[in-house]
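Take a look at the structure below.
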Amino acid sequence: MTPGQRQALERLWPQYGIDLPEAGPLDLDLAFGRRAPRTLEIGFGMGDALLALAQAQPQRDFIGVEVYPPGIGRFLLRVEQLGLRNVRVICADAVQVLDRHLPPGSLSQLLVLFPDPWPKKRHHKRRLINTTFLALAARALAPGGQLHIATDWADYAQAIGEALTASTGFSAETTAAERPATKYERRGQRLGHAIHEFVYRRR
Ligand SMILES: C[S@@+](CC[C@H](N)C(=O)[O-])C[C@H]1O[C@@H](n2cnc3c(N)ncnc32)[C@H](O)[C@@H]1O
């Protein structure tokens, strides 16, 4: 982490960071100081999508979950520059957050844009999206809530599609959902990868 990123993280965390409790659910109304429909993005990276969505929809709340602190420092500087009041950040493993700290039905949208592909077969077990993840996602989303996953890795896309088909918690959305572009999406496009989108509704 650069000194600037560290400083930004320390200075801005009290305003935008959500510290996880030892155990038990988060109070999201308290974290935002209001009750509003909520989107959570897992692994926001540079945060291009989260910033664009939060700017465009001030009536909604946006939570970013990311494990990489230098990225969070940089992201919070941009949140401050844009004067966004509807963004909060959690620095933790998203599976733990979903499993232990998100109240059931607390989200209206869950985004996972270009999760780490772990392309080697022996690393596939490290991939985020699997049936366990989908069960946690289904619990966190309110009925009718949207799950939107995108990847540029064909074999990951196939595995995600199979897991979604096997899941009883979701049904496929018939219309494609708009979303802002991301850094890893542009990288995939430069490599000539096709982009696979999964837009599902919580039953
Ligand atoms: C390939 S990058 C994609 C970043 C961004 N979504 C994009 O499309 O440009 C994956 C991101 O997910 C984060 N990540 C990986 N595993 C995670 C986890 N279990 N919980 C939260 N974030 C995670 C990584 O730190 C990284 O920033």
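The values are calculated or read from the model by the stated rules, or taken from the named source; none is laboratory data. None of the values given here were measured: they were computed from a predicted structure. So basically every Cβ, Gly included, is an ideal-geometry build from the backbone, and we count neighbours across all protein chains shown.
Before moving on, here are some points about what is shown:
- Those residues of segment 168-196 which are of a type in the set (Gly, Ala, Ser) and at pLDDT below 95, in sequence order: 176, 177
- Residue match in segment 195-202 (condition: closer than 22 Å to residue 44 by Cα and more than 17 Å from the chain's Cα centre (by Cα)): yes
- Just so you know, in segment 35-53 the residues that are away from the ligand (no atom under 16 Å from the Cβ) and part of a loop (DSSP other than H, G, I, E, B) include one that is nearest to residue 128 (Cα to Cα), and it is 37.
- Pairs with Cβ under 6 Å, 6+ apart, first in segment 83-99 and in contact (Cβ under 8 Å) with a residue 40 or more places away in the chain and farther than 23 Å from residue 126 by Cα, second away from the ligand (no atom under 14 Å from the Cβ) and hydrophobic (A, V, I, L, M, F, W, C): 86/54; 87/54; 87/79; 88/31
- Residue check for residue 32: closer than 21 Å to residue 145 by Cα, of a type in the set (A, V, I, L, M, F, W, C) and within 16 Å of the ligand (Cβ to nearest atom): no
- Residue 151 meets all of the listed conditions (1) under 14 Å from the mean Cα position of the chain (by Cα); (2) in contact (Cβ under 8 Å) with a residue 60 or more places away in the chain but one, namely (2).
- Filtering 163, 138 for residues that are in contact with a Gly (Cβ under 9 Å, 6 or more places away or on another chain) and either exposed (fewer than 14 other Cβ atoms within 10 Å of the Cβ) or more than 17 Å from residue 41 (Cβ to Cβ) (or both) leaves a single hit, 138.
- Condition check for residue 151: polar (S, T, N, Q) and more than 20 Å from residue 94 (Cα to Cα): no
- Restricting attention to segment 1-51 and to residues that are out of contact with any helix residue (DSSP H, G or I) (no Cβ under 8 Å at 6 or more places or on another chain) and of a type in the set (A, V, I, L, M, F, W, C), the residue that is surrounded by the most Cβ atoms within 10 Å (Cβ to Cβ) turns out to be 49.
- Search result, residues across segment 166-200 that are of a type in the set (Val, Ile, Thr) and either in contact (Cβ under 8 Å) with a residue 40 or more places away in the chain or surrounded by 16 or more Cβ atoms within 10 Å (Cβ to Cβ) (or both): 182, 195, 199
- Residue list for segment 54-68, filter: part of a helix (DSSP H, G or I) and surrounded by 14 or more Cβ atoms within 10 Å (Cβ to Cβ): 54, 55
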